[in-house]
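Participant: There's a structure below that I have some questions on.
Just so it is clear, none of the values below were taken in a lab; they were calculated from the coordinates. Keep in mind it's a predicted model, so treat the numbers as computed, not measured. All Cβ positions, glycine included, derive from the backbone under ideal geometry; neighbour counts span all protein chains shown.
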Amino acid sequence: MCGIVGIVGNRDVAQRLYDGLKRLEYRGYDSAGICTIDHGKLERRRAEGKLDNLARELAQDPLHGTTGIAHTRWATHGAPTVSNAHPHIVGPISLVHNGIIENFKPLRDELIAEGRKFESETDTEVVGHLIAREVEGGAAPQDAVAKVLPRLIGAFAIAILFRDHPDLIIGARMGAPLTVGYGEDENYLGSDALAVAPWTQKIAYLDEGDWAVIRRDRIEIFDRENRLVEREIVESGASSAPVEKGNYRHYMQKEIFEQPIVVAQTLQSYVRPFEGEVALPVGDLDLSSVNRVTIVACGTSFYAGLIAKYWIEHFARVPVDIDVASEFRYREPVLEAGGLALFISQSGETADTLAALRHARAEQQRIAVVVNVPTSSMAREADLLLPTHAGPEIGVASTKAFTCQLAVLAALAANLARAKGRLTPDDEAAIVGHLQEAPAAMNAALDHDDEIASMAHLVVPARDVLYLGRGPEYPMALEGALKLKEISYIHAEGYAAGEMKHGPIALIDDNVPVIVLAPSGPLFEKTVSNMQEVRARGGKIVLISDAKGIAEAGEGCMATIEMPQVHPLIAPLVYAVPVQLLAYHVAVLKGTDVDQPRNLAKSVTVE
Ligand code: G6P
C-alpha cells in the first residue's frame, strides 16, 4: 500500500528518496512522486505506473534540494493519474498521505465554499488545503498542523513540507504506520524501517495520534494532546541490502522455494523435537482457561485461520469463531470477557485486522497475534506474540508467510490441546514428529515444479477455474483459487467438494478446469465421488494427491500432480506448494506482473 519517505538532509535528497521508494515498492502502488524544496520553491516530479516512469521524469528534469518527501500511491480516492499522484502542492505546502480521510466530503465542501480550488480527486488534497489555509493566515507550521489534525477522521499517515521552512518536515500518524529515523546531521521519516534502513538503524515508531517535527539536527514528537513526548529509540535491524531474487525469475518464485527452510526456522521457535513437546511463549497467559477462540484475519491469512479452526477444534475441542476482519466489528460479535482473540497477519498492519484487534481488546479479549513483521503495530499490541520467521515477503501474493502461519497455528492448536488436558504426551510427541516432517515433505512437493510448469498451459486458456477440497483442504482450495485470481487474473473459486452439487456444478463444462486437492485418507472416497460428478459432466480434472490417491482415482484426469504421502496434519502445508506453483506458472505463461499484480497491495492500510 502507499509508501512514504522523507529526508531533512545536508545534501541533495531526490536520488535517495527515489531509492527509499524502491525499497517500499513491494507494498504495491500505481503511481509515485517526489517533492523537494529548491531555493524557496516546492519542486516535484510525479508519474503514473511503475517507479521506472518516475525515474525517467527525474532523469529528464532532475530535482534539487536537501529536504524532500516521496510517495508511492495505491489509489483509493481518484484514479491513478499524474494529477492524483502525491505529493500534492497547495500554496506554501506539499504533502503525501497514506490512508483515507473519511470526512473528506464535508471538509472539501467547506473549502470549496471559501473559494478554494482543487486540482485532484483525492481526499489528501483536502488536508493540504486545511494546512495551507492556516499557514497562509500566518500560522507557524507546527501550529497549523496542531490545529488541523483534530479535524481529520480516518486512518492515515502524512508528511508535510513547508516551502518557507527548508529545514523541516512534519509527519503525523493515526491508524497507519510511520517511523522516524535519527541520522548524523540528517533525519528521516518512513512508512517502515526498511524505507530508511541504508541511512540509519536508529528509529522510533510513532504511536497512534503522534506527530513529529523533524529538522536536520533534532526530532520532536508530540502526542494527540500536543504534549511533547519521548518515544523509545530502537535499533531497527532492517537490512539495508535490497532483498535479492538470486537465481529466481520472480520474488514469488523464490519465496515459494524458500518455504521448507523458513517453515523449519519457524518451527524451531515452537517445538522441542527431542522432548517431543510444543512450546509456545505463552508467558502468564493461562491457555487452560480458554473456552473459545475468535480468529480474525484477511486474505490468505484468513485461510490460514480457517485451517487453524479445523485443528483447534479437532485437537483442543475448543470452539472457534472465525471472521474476515472487515466484517468482524460491524456484525457486533458476541465476545465473552476473557476469551482468546487470535489475529493473523503477514504485515501486522492490515487496517481491518488492526481495527478488529482493538475492538476485541475493548471487549476484554486476550489478544494473540501471528505476525511476520515483528515490529508491526499488531505485534506491539499483542498479549501473546507468535512471530512467523518467514523473512521479508516481497511478492504481493503471500506464499511463505502463509505456510509459516500454518506451522505456528498447528503448534498453537497442540499447545492449547495440552493445556486443556486433551493431549497425552505420546499424542503430543506424535504431533511434533509430524510437524518436523513438513519441511522435507514440502521439498518433495517442490520437486514437481517442472511437471507443474509443463501442465500450466492446460489452465491458461480457461475463463473460470474451480478448486475443490474437503476438511483442511477446503480452505486450501480457497487459497488455491485466490492465488490464481491474484496473479493470473483468471476467475477462480474454491468450494468444499461436497458443496459442488448445490450450485457450482452448473458451471461445469469442458472449458472449466477443476483442481481437486485430495490426499488419500478418510475423506478421500467422498471427494472422489464429487470428482465423478464433475467428470460425468465433461469437467476436466487436475488431481493433486499422493501415489495411493492417484492410483485409485487418477485415471481419466486431465492431469495429476503427485504429492508425498503425509500425515493429514501437515497436508495443508504440503498441498500449498502445488497450488502456489500452478498459479505462478499460469501467470508466467500469461505474462502478468507476478510480483506486483494489478490493483493489489501487499499491506492494505485502508479499511
Ligand atoms: C493483501 C495482500 C494479501 C494478504 C492480505 C492480508 O490483500 O495482497 O496477500 O493476504 O492483504 O494481509 P496481512 O498482511 O494482514 O496478512
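Participant: Taking 0.36 nm per residue of separation and subtracting the Cα-Cα distance, what length does fully extending Arg361 through Glu313 add?
Facilitator: Taking Arg361 through Glu313 to full extension adds about 15.0 nm, to one decimal.
Participant: Find the centroid of the Cα atoms in the range 112-189 and in the range 575-607, then give the distance between the two in whole Å.
Facilitator: Their Cα centres are 35 Å away from one another.
Participant: Just going by the charge dipole of the chain, with Lys and Arg at +1 and Asp and Glu at -1 on Cβ, which of Thr375, Thr36, Val396 is farthest out on the positive end?
Facilitator: Farthest along the dipole direction, towards plus: Thr36.
Participant: Taking the Cβ of Ser83 as the centre, find all other residues whose Cβ is under 11 Å away and add up their charges (Lys, Arg: +1; Asp, Glu: -1). Before the final figure, lay out each step's value.
Facilitator: Working: positive: Arg46; negative: Glu48, Glu119, Glu121, Glu125.
Local net charge: -3.
Participant: If you don't mind, another one. Give me the number: length gained by fully extending Tyr248 to Glu451, i.e. 0.36 nm times residue separation minus the C-alpha to C-alpha distance, one decimal in nm.
Facilitator: Numbers: separation 203, 0.36 × 203 = 73.08 nm, distance 1.75 nm.
Full extension from Tyr248 to Glu451 adds 71.3 nm.
Participant: Can I ask one more? What whole-number distance in Å separates the alpha-carbon centres of the range 190-265 and the range 460-531?
Facilitator: Value for the Cα centre distance between the two parts: 39 Å.
Participant: Report the charge-dipole magnitude of the range 526-607 in Debye, nearest 20, computed about the Cα centre from +1 at each Lys and Arg Cβ and -1 at each Asp and Glu Cβ.
Facilitator: The calculated dipole for the range 526-607 is roughly 200 debye.
Participant: I'd like to compare 96-103, 500-507, 398-405: which one has the highest average count of other Cβ atoms within 10 Å, and what's the full order after that?
Facilitator: Result, highest mean Cβ count within 10 Å first: 398-405, 96-103, 500-507.
Participant: Find how much the distance from Asp185 to Ala113 grows on full extension, using 0.36 nm per residue of separation minus their present alpha carbon separation; answer in nm with one decimal.
Facilitator: Difference between extended and current length: 21.6 nm.
Participant: Going by C-beta contacts inside 10 Å, put Leu458, Leu194, Leu168 in order with the fewest on the left.
Facilitator: The order, fewest Cβ neighbours first, is Leu458, Leu168, Leu194.
Participant: Please state the charge dipole magnitude for the range 3-235, taken about the Cα centre, from unit charges on C-beta atoms (+1 on K and R, -1 on D and E), reported in debye and rounded to the nearest 20.
Facilitator: On the way: 28 positive and 37 negative charges, 67 e Å.
In total the dipole reaches around 320 debye.
Participant: Just in the range 478-587: which chymotrypsin sites (Phe, Trp or Tyr not before Pro) are loop by DSSP and have at most 15 other Cβ atoms within 10 Å?
Facilitator: Loop-located and lightly packed - Tyr489.
Participant: If you don't mind, there's one more thing I want to ask. Output wanted: per-residue J couplings in Hz (rounded whole) for the range 47-61, from phi through Karplus 6.51 cos²θ - 1.76 cosθ + 1.60, θ = phi - 60°, x for Gly and Pro.
Facilitator: 8, 6, x, 6, 4, 4, 5, 5, 4, 5, 4, 5, 5, 5, 9
Participant: Put +1 on the Cβ of each Lys and Arg and -1 on the Cβ of each Asp and Glu in the chain; which of Gln436, Gly78, Leu466 then has its Cα farthest toward the positive end of the dipole?
Facilitator: Of the options given, the answer is Gly78.
Participant: What translational diffusion coefficient, to the nearest whole µm²/s, does the range 359-425 have by Stokes-Einstein, given a Kirkwood radius computed over alpha-carbon pairs, a temperature of 25 °C and 0.890 mPa s viscosity?
Facilitator: Values: Rh = 13.4 Å.
Approximately 183 µm²/s, per Stokes-Einstein.
Participant: A further question follows. Which entries of Lys400/Lys485; Lys22/Lys147; Lys485/Lys602; Lys526/Lys548 have Cα-Cα distances beyond 25 Å here?
Facilitator: Lys22/Lys147
Participant: Let me check I've understood the local charge: for Glu349, count other residues with C-beta under 15 angstrom from its C-beta, Lys and Arg +1, Asp and Glu -1. What total comes out?
Facilitator: Net charge around Glu349: -2.
Participant: Hey, another quick one. Provide the per-residue ³J(HN,Hα) series for the range 91-103, in order, calculated from phi with Karplus coefficients 6.51, -1.76, 1.60 and θ = phi - 60°, each as a whole number of Hz, with x at glycine and proline positions.
Facilitator: For the range 91-103, the Karplus-derived couplings read x, x, 10, 9, 8, 10, 8, 10, x, 9, 8, 5, 9 Hz, x marking Gly and Pro.
Participant: Turning to a different aspect of this structure: Would you pull out the residues with amide H under 5 Å of Val278's amide H, same chain only if 5 or more places away, H placed 1.01 Å from N?
Facilitator: Under 5 Å from the amide H of Val278: Arg272.
Participant: Would you please state which residues of the range 542-579 a label at Asn511 would reach in this model, taking the label point 7 Å out along Cα→Cβ and a backbone N cut-off of under 16 Å?
Facilitator: none
Participant: Could I ask something else about it? In debye, nearest 20, what is the charge dipole magnitude of the range 448-569 about its Cα centre with +1 on Lys and Arg Cβ and -1 on Asp and Glu Cβ, if you could check?
Facilitator: The dipole of the range 448-569 has a size of about 320 debye.
Participant: Can you tell which of Asn291, Val263, Asn247 lies farthest toward the positive end of the dipole of the range 226-360, using +1 and -1 charges on the Cβ of basic and acidic side chains (Lys, Arg; Asp, Glu)?
Facilitator: Asn247
Participant: Still on this model: Taking amide H atoms as placed 1.01 Å from N in the peptide plane, list the residues 5 or more away in sequence, or in a different chain, whose amide H sits under 5 Å from that of Leu468.
Facilitator: When sequence neighbours closer than 5 places are left aside, the close amide H contacts are Tyr495, Ile515, Val516, Leu517.
Participant: For n ≥ 4 DSSP H runs only, could you compute -39500 (n - 2.57) per run for the chain, divide by its residues and tell me the 222 nm figure to the nearest 500?
Facilitator: -10500 deg cm²/dmol
Participant: Under 13 Å from the Cβ of Phe328, count the other residues' Cβ atoms, weight Lys and Arg +1, Asp and Glu -1, and hand me the total.
Facilitator: Spelling it out: positives minus negatives among the neighbours equals -3.
Participant: So what is Rg over Rh here for the range 3-235, counting just Cα atoms and using Kirkwood for Rh?
Facilitator: 0.93
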